[in-house]
Amino acid sequence: MDVVLEAVGLAKSFGAVKAADDLSVRISSGQIVGIVGPNGSGKTTFLNLVTGYLSPARGQIYYLGKEITGLHPRQVTRLGVARSFQVPQLYTSLTVLENMLVALVIRSGRQGDCWRALRTRARLAEARRLLEKFGFGDESGQVVRTLPEGGRKLLDVALSFALGPRLLLLDEPTSGVSAAEKFRVMDTLIGVIRESGVTSVFVEHDMDVVQRYAERVLVFSEGRIIADDPPGALFADPIVRRYILGEE
């Protein structure tokens, strides 16, 4: 299997806190990887290092064999690395369709001509095709601020697919999503990810979500990976269960 993402010896500290401490990992093409661990263990820092929002004090990051250490986030995005955040990055006063059209124009690099370039026939067709993948066929005209949190999360990821990513990084995709919505949201996300063959890494606190959707789970602690296993083996380990779930 081709290695899509590789981190080698990453180090990053915030004062006395080691958010990445000689952190190394390889993620292969097509894998769906969950990242778990307590607050402050370095999970989001890892995503920020990969996407260029932070630069490591030392170590290297490789994407499809090319070193991307220290590149600007826009440069990383253009290479095919997409990212969604805990709080969706959306234009809430625009419709679902208009948000997707803006994403497609930004992908084309024609932001200066954005509003005139939005509604070409080809771009409208592509926007609707992408939205339908995520179940927005009947909601494309809805203003984003009226969507439930789960809908906003789905739209945020849908916009990242406008970039045609090879690697998708999700930071707590079910954060703020109701219990009734979370599995619907994840079923849709994972379905599109698998259909598209995109490699995916998601940070998540909900262990039900991790066990149900991750093929491989990385356990973070104090900037290190202390376990790396399929979820079945991982959650059967009493030491890991005690560490992650607080079980005695």
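The values are calculated or read from the model by the stated rules, or taken from the named source; none is laboratory data. Being a predicted model, the structure only gives us computed values, none of them experimental. For neighbour counting, all protein chains shown are included, and Cβ atoms are generated from backbone atoms with ideal geometry for every residue, glycine included. All accessible areas refer to the heavy atoms of the entire protein, side chains included, with ligands and DNA or RNA removed. Shrake-Rupley method; radii C 1.70, N 1.55, O 1.52, S 1.80 Å.
Grab the other residues whose beta carbon is less than 15 angstrom from that of residue 206, score K and R as +1, D and E as -1, and report the net.
Net charge around residue 206: -2.
Using a 1.4 angstrom probe, figure out how much accessible area the stretch 7-90 has per residue, in square angstrom, rounded to the nearest whole.
The answer is 45 Å² per residue.
Quick one: with all protein chains in place, what share of the accessible area of the stretch 11-86 is carbon or sulfur, to the nearest percent (1.4 Å probe)? Mind dumping the intermediate values first?
Numbers: 1580 of 3470 Å².
Taking all protein chains in place, the stretch 11-86 shows 46 percent carbon and sulfur surface.
For the stretch 119-248, what log10 I(q)/I(0) values come out of the Debye formula at q = 0.18, 0.22 1/Å, with one point per alpha carbon and no solvent?
Log-scaled intensity ratios, in q order: -1.03, -1.37.
Normalised by the number of residues in the chain, what is the relative contact order in percent for Cα pairs under 8 Å and 6+ residues apart?
Once normalised by length, the contact order is 27 percent.
What is the sum of charges, Lys and Arg at +1 and Asp and Glu at -1, for the other residues whose Cβ falls under 15 Å from the Cβ of residue 12? Working shown, then result.
On the way: positive: 18, 43, 58, 224; negative: 21, 22, 222.
Taking every Cβ under 15 Å from that of residue 12, the sum is +1.
What do you get when you divide the Cα radius of gyration of the chain by 2.2 N^0.38 Å, with N the number of residues?
Taking N as the residue count of the chain, the ratio is 1.03.
Quick one: length gained pulling residue 229 to residue 92 fully straight, 0.36 nm per residue minus the C-alpha distance?
Working: separation 137, 0.36 × 137 = 49.32 nm, distance 3.88 nm.
Here the segment from residue 229 to residue 92 would lengthen by 45.4 nm.
Helix check for the chain. Which DSSP H runs span at least 15 Å along their own axis by Cα, with a mean Kyte-Doolittle hydropathy no less than -1.0?
Sorted by number, the helices that extend far enough and score high enough are 96-108, 121-133, 149-160, 179-196.
With a 1.4 Å probe and every protein chain left in place, tell me how much accessible area residue 91 has, in Å² to the nearest 10.
120
Enter the accessible area per residue of the stretch 182-248 (Å², integer; probe 1.4 Å; all protein chains in place).
That works out to 47 Å² per residue.
Over the chain, with a Gaussian network built from C-alpha contacts below 10 Å, which listed residue (176, 15, 223) shows the highest mean-square fluctuation?
Looking only at 176, 15, 223, the biggest GNM fluctuation is shown by 15.
Give the calculated FRET efficiency between residue 14 and residue 126 to the nearest 0.05, with a Förster radius of 30 Å applied to their Cβ-Cβ distance.
Once the sixth-power term is evaluated, E becomes 0.15.
Quick one: ranking 133, 43, 66 by accessible area, 1.4 Å probe, largest first, what do you get? Write out the running numbers ahead of the final one.
Numbers: 133 70, 43 15, 66 110 Å².
These residues rank, largest area first, as 66, 133, 43.
At 1.4 Å probe size, what's the solvent-accessible area of residue 2? Round to the nearest 10 Å².
Counting only protein heavy atoms, the figure is 110 Å².
For residue 39 and residue 215 in one chain, what is 0.36 nm times their gap in residues minus the Cα-Cα distance, to one decimal in nm?
Roughly 61.1 nm would be gained on extension.
Quick one: if you take sqrt(5λ) for each eigenvalue of the C-alpha gyration tensor of the stretch 41-108, what semi-axes come out, biggest first, whole angstrom?
Numbers: eigenvalues 145, 46, 13 Å².
After scaling each eigenvalue by five and taking roots: 27, 15, 8 Å.
Starting from the residue with the highest accessible area, list 3, 36 in decreasing order, probe 1.4 Å.
Solvent-accessible surface, decreasing: 3, 36.
Multiply the residue separation of residue 58 and residue 241 by 0.36 nm, subtract the distance between their alpha-carbon atoms, and state the gained length in nm to one decimal.
Full extension from residue 58 to residue 241 adds 62.7 nm.
Which one of 157, 192, 33 has the biggest mean-square fluctuation once the chain is modelled by GNM with Cα springs under 10 Å?
Looking only at 157, 192, 33, the largest GNM fluctuation is found for 192.
Would you look at the GNM of the chain, springs on alpha carbons closer than 10 Å, and say which of 134, 46, 220 moves the most?
Largest GNM mean-square fluctuation: 134.
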